[in-house]
1. Per residue Cα convex hull volume for the chain, in cubic angstrom?
2. Can you tell which of GLU110, GLU340, GLU331 shows the greatest fluctuation in a Gaussian network model of the chain with Cα springs below 10 Å?
3. In nm, to one decimal, how far is the GLU72 label point from the ALA127 one, both placed 7 Å along Cα→Cβ?
4. Grab the other residues whose beta carbon is less than 13 angstrom from that of LYS34, score K and R as +1, D and E as -1, and report the net.
5. Can you count the Lys pairs in the range 12-231 whose Cα atoms are under 29 Å apart, with each pair 8 or more apart or on different chains?
6. With all pairs of different alpha carbon atoms counted, what Kirkwood hydrodynamic radius in Å does the range 133-284 show?
7. Scan around THR39 for amide H atoms under 5 Å from its own, H built in the peptide plane at 1.01 Å from N, and keep only partners 5 or more places away or cross-chain.
8. Work out the FRET efficiency for GLU283 and ASN31 from their Cβ-Cβ distance, taking R0 = 35 Å, and round it to the nearest 0.05.
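The numbers here are math on the coordinates, done by the rules we state, and not lab data. Just so it is clear, the structure is predicted and the values come from calculations on it, not from any experiment. When we count neighbours, we look across all protein chains shown, and the Cβ atoms used for this are built from the backbone with ideal geometry, even at glycine.
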Amino acid sequence: MTSNPETSTRDVDAVILVGGRGTRLRPLTVNTPKPMLPTANYPFLQHLLARIKAAGITHVVLGTSYKAEVFEEYFGDGSQMGLEIEYVVETEALGTGGGIRNVYDRLRSETVMVFNGDVLASTDLNAVLDTHYSKQADLTMHLVRVSDPRAYGCVPTDSNGNVTAFLEKTEDPPTDQINAGCYVFRRELIAEIPENRVVSVERETFPSILQSGRKVVGHVDTAYWRDMGRPDDFVHGSADIVRGIADSPLVEGRTGESIVDETAGVAGGVLLLGGTSVGRGVEIGAGSRIDGSVIFDGATIEPGAQIRDSIVAAGARIGANAHISDCVIGEGASVGARCELQGGMRVWPGVSIPDCGVRFSTDA
Ligand code: GDD
Ligand code: MG
């Protein structure tokens, strides 16, 4: 039974935390905040906003800090997406809990759905809300199971689905069930987070809410889920949107082996596979093969280049017959003809690698 029957518009505020520095995605995040990186040819955050809108939530507050201005420049007041977007800037980053507390004044509803701004998921948001209402929870957490829980918040639950502990990034997690980065708060709990100082929602707020005896419930599902914080996850996540493995209302009906912006120039005999996305004004030379990769706006791929599972940032150039696999090529960087780069190499923005016949690798 749900105490709040599903309607086309839900009386829920969405809060999205987008203030992190995106350190693990450097150098892509040197000039662009992580949630604004092109993913299947849209800023990542736009996919999340479209899912929020599709769930019937229209009021969205973004908690920004790092490169705060970029978000408002792109999304404005949100009306083009049918949303009402507000921005609250932390001049000094306040952490995940501090960021949530900092938007308190903008909240209008008793129910607040908070999102980490870097999670790609196909979860039914209304199902999470229904769990929250039907269990009359103070706090509901979306939880998923992963093969290696150590990089996440480990969240054990009892047989009734109540959360029993919150263990952020522990080396010896007692369960593979983790915090998926989406929470439904009763608004009054947010007022209890200390103001004007750095607070980690994971390390401080959740343990203290649990200790105070509030009803904290887990909503576990098996829908697609991925944290986009590392290059390999970012590149696979983008490809999964393009291929329709991860849902996004923005590409519905257009999924397949690749998405190519209409302003890109693709020569004959080019193979675009595995969920590759090709941004605005990209030029791809004859005979190139690009597999499972993300090519940002204005990049140039010269003839015969082969690129796999890699990110080529805006304005970068990949020389003729170069081979690139599992790499990040920074903004405006240039990789010379015939170069072979692989094994997680990251080329910094503007760096130029001369033409070569040499193989670069971080492999042992
Ligand atoms: N406003 C604001 N202020 N946002 C912040 C701040 C801040 O000081 N610090 C981080 N964020 C935002 C990031 O931009 C990101 O969208 C989100 O908060 C989570 O930060 P990450 O840095 O990506 O955290 P994580 O991936 O290591 O861990 C978190 O997410 C996991 C799931 O993806 C934790 O919540 C884990 O418990 C969780 O399992
Ligand atoms: Mg993350």
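1. On the way: hull volume 48.7 nm³, N = 364.
Cα convex hull per residue, to the nearest whole number: 134 Å³.
2. GLU110
3. 3.7 nm
4. That sum, taken over residues with Cβ under 13 Å, equals +2.
5. Number of lysine pairs found: 10.
6. Averaging 1/r across every pair of different Cα atoms and inverting gives 18.2 Å.
7. PHE44
8. Values: r = 22 Å, r/R0 = 0.62.
E between GLU283 and ASN31, to the nearest 0.05, is 0.95.
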